[in-house]
Amino acid sequence: MHLLRRGDSGPAVAEIRGMLVRLGLSSGEPEPPAGSPAEFTFDADVEHAVRAFQQRRGLITDGIVGPATYRALREAGWKLGDRMLALLVSAPMSGDDVVTLQERLLELGYDVGRPSGVFDDLTERGLKAFQRDYGLASDGVCGPQTLRALRQLGRKVTGGRPGLLREQELLRRAGPRMRGKRIIVDPGHGGADRGVVNSGVAEADLMWDLARRLVGRMAATGMEAILTRREDTCPPEAERAAFANTAGADLVLSLHTDANRSMHAQGLATFHFGSGSGPTSTVGEALAGLIQRELLSRTSMLDCGSQGRTWELLRLTRMPTVRVEVGYLTNIGDRRKLLNAEFRDIVAEGILVAVKRLYLLGQDDHPTGTFTFSDVLAHEIARNEATAI
């Protein structure tokens with residue numbers, strides 16, 4: 001879709017403003033007055049409302065309505081009970097009503113995975129289990145009877161982080177060994193989509209190279225590392241998430257660089273699923289923090305923090321997923337580092353070590369920045385020999 005920003009006008013802006021008014025984020029009428037042109041101007045009030053909405057939803061707070069913000073605005077307009085919900089394979093239903101349903105089922109003890117806002121097969125299974133346990137027709141359709149039952153049952157859990165214990169238990173059961181773990185490595189962009197391009201340097205090429213270095217090191221430890229794309233392809237984020245879900249991955253690592261109109265913007269950031277006010281991937285949050293600390297100690301990059309976001313890949317994957325933004329290609333210093341093959345080796349090693357730390361759960365660990373690739377290999381060999389005995 002065409003990006004909408006301050007100064008634009010037309011029916012599309014009128015639609016955006018109407019959505020914001022209905023959500024209580026902007027003043028005025030939700031629809032243009034009768035007889036007037038169906039146009040509004042994207043003014044300061046609309047921009048402020050868009051920024052407030054983006055911040056609330058864990059989106060990039062730029063005040064611009066692009067595909068992600070538009071989709072989130074449409075989804076925010078649905079409340080549980082507005083429509084019947086069911087699994088539609090060809091065009092899955094999505095919206096805030098689906099999020100509410102998923103959160104209610106989680107609170108009642110039914111595993112529907114992450115509250116992604118997409119009515120998928122896992123949501124259907126959880127809903128069928130609820131219907132069966134409460135004497136309803138187990139058809140997987142959230143209609144009037146199911147809604148009535150959900151409303152009659154008082155909330156068993158409020159606040160907190162639904163799924164926290166489930167994620168942590170899965171991590172504990174996985175054990176400290178790297179061998180056998182399936183990791184999806186996602187080099188950002190690709191093919192005709194070059195990502196950030198500056199001074200002839202393309203994000204897609206750099207992240208492809210970094211991903212190959214990371215996959216090679218993971219394979220050496222016995223992990224099964226799989227790339228989400230070929231060098232000449234660029235699957236959409238929803239497709240990359242579906243690939244990871246189908247593969248039954250343990251973790252997803254997405255590699256990107258950033259850009260900014262200011263040449264002074266620089267540094268390293270990591271992102272995990274979470275909006276700051278709702279459910280959070282606790283293991284994803286822990287891994288993001290580990291990667292952030294490892295890379296900062298090894299590269300001396302500026303610390304831009306570890307943050308929760310609701311971007312598609314983070315939201316739609318069923319396993320802990322972390323997106324790593326390795327510097328700004330628009331910054332001379334960061335770009336110089338990224339062009340250095342030895343630097344990319346350091347980043348690959350730091351990410352691998354962070355994954356190892358995650359599975360060690362604090363046991364037999366080393367101080368941040370001192371655990372090396374050789375240490376990881378030695379640890380794996382020792383574990384394998386102990387298992388053989």
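The values are calculated or read from the model by the stated rules, or taken from the named source; none is laboratory data. Because the structure is a prediction, the values reported are computed rather than measured. Cβ coordinates were reconstructed from backbone atoms using ideal geometry, including for glycine residues, and neighbour counts include every protein chain displayed. To get the accessible areas, we keep the full protein, side chains included, count just its heavy atoms, and leave off ligands, DNA and RNA. Shrake-Rupley method; radii C 1.70, N 1.55, O 1.52, S 1.80 Å.
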Which ones in the range 82-121 are assigned to a loop (DSSP other than H, G, I, E, B), open to solvent by 40 Å² or more (accessible area, probe 1.4 Å) and not charged (D, E, K, R)? Met84, Leu87, Leu88, Val89, Ser90, Ala91, Pro92, Gly109
Just to be sure I understand, how many residues within the range 217-228 are part of a helix (DSSP H, G or I) and open to solvent by less than 40 Å² (accessible area, probe 1.4 Å)? 1
(1) touching a Pro at 6+ places or on another chain (Cβ under 8 Å); (2) open to solvent by 30 Å² or more (accessible area, probe 1.4 Å) all hold for Tyr359 apart from (2)
Leu20 among the hydrophobic types (A, V, I, L, M, F, W, C), modelled with pLDDT of 90 or more, assigned to a loop (DSSP other than H, G, I, E, B) and closer than 30 Å to Arg151 by Cα: no
Residue match in the range 128-140 (condition: open to solvent by less than 20 Å² (accessible area, probe 1.4 Å), under 21 Å from Leu316 (Cα atoms), touching a residue at least 40 places away in the same chain (Cβ under 8 Å) and assigned to a helix (DSSP H, G or I)): no
Qualifying residue in the range 365-387 (condition: modelled with pLDDT under 95, in contact with a Pro (Cβ under 6 Å, 6 or more places away or on another chain) and over 15 Å from Gly216 (Cβ atoms)): no
Of residues in the range 229-246 being open to solvent by less than 20 Å² (accessible area, probe 1.4 Å) and assigned to a helix (DSSP H, G or I), the one nearest to Val99 (Cα to Cα): Ala241
Mind checking which residues of the range 44-61 are in a helix (DSSP H, G or I) and not charged (D, E, K, R)? Ala44, Val46, His48, Ala49, Val50, Ala52, Phe53, Gln54, Gln55
Looking at this structure, is Val322 open to solvent by less than 10 Å² (accessible area, probe 1.4 Å) and modelled with pLDDT of 95 or more? yes
Please find, among Leu268, Leu251, Leu255, the residue that is of a type outside the set (Asp, Glu), open to solvent by less than 20 Å² (accessible area, probe 1.4 Å), touching a helix residue (DSSP H, G or I) at 6+ places or on another chain (Cβ under 8 Å) and over 22 Å from Leu302 (Cα atoms). Leu251
Residues of the range 284-319 being more than 30 Å from Glu169 (Cβ to Cβ), open to solvent by less than 20 Å² (accessible area, probe 1.4 Å) and among the hydroxyl-bearing types (Ser, Thr, Tyr), which ones? Thr299
